[in-house]
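Engineer: This structure is in structure tokens; I'll ask about it shortly.
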Amino acid sequence: MKNKILAFTILLITMISCQDKTKEKLDDAKNAVTEEVTTTIDSAKIKAEAKIDSIKEKAKTKMDSVVIKSADEIEKAAKKMKESVK
């Protein structure tokens, strides 16, 4: 009977100590995953901001081009009107 109680006690102690190690491992894994997800989100945010800036710059360039072309067309139309008035 003493042997069974001793074996049970040793088994119980082993299980308790294993739980602590398992908890530590789970905490470490959780921290690693959290850090990786945070890094991935930050990376995606930086890429998205760069893409948005690029799109804004392209849109601004196109708008500037349209404004210049429109101004040229207005000048041509104004010259034609002046000539037709003379």
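Values in this text are rule-based calculations from the coordinates and carry no lab data. What you see is a predicted model; the values in this text were computed from it and never measured. Methodologically, a virtual Cβ is constructed for each residue, glycine included, from the backbone with ideal geometry; neighbour enumeration extends over all protein chains shown.
Engineer: Identify all aspartates and glutamates with a Cα-Cα distance to Lys58 below 15 Å; exclude those on the same chain that are fewer than 8 residues away in sequence.
Structural biologist: Cross-link targets: Glu49.
Engineer: By a straight-distance test (C-alpha under 19 Å), which lysines pair with Lys56 as possible cross-link partners, with residues fewer than eight away in the same chain excluded?
Structural biologist: Straight-line reach from Lys56, under 19 Å: Lys45, Lys47.
Engineer: Where nothing but the Cβ of Lys and Arg (+1) and of Asp and Glu (-1) is charged, how large is the charge dipole of the chain around its Cα centre, in debye to the nearest 20?
Structural biologist: Taking the Cα centre of the chain as origin, the dipole is about 400 debye.
Engineer: A further question on this structure: May I ask for log10 I(q)/I(0) of the chain at q = 0.18 Å⁻¹, from a Debye sum over the Cα atoms as equal point scatterers with solvent left out?
Structural biologist: Cα-only, vacuum Debye calculation for the chain: -0.92.
Engineer: Using Cα positions and a limit of under 28 Å, work out the lysines in reach of Lys80, with same-chain residues fewer than 8 apart set aside.
Structural biologist: Qualifying lysines at Cα under 28 Å: Lys62, Lys69.
Engineer: How much length would be gained if the chain were fully extended between Lys80 and Val67, taking 0.36 nm per residue of separation minus their Cα-Cα distance, in nm to one decimal?
Structural biologist: 2.7 nm
Engineer: Could you state the angle between the C-alpha long axis of helix 2-85 and the longest principal axis of the C-alpha atoms of the chain, as a value from 0 to 90 degrees rounded to the nearest 10?
Structural biologist: Taking Cα atoms only, the helix is inclined about 0 degrees.
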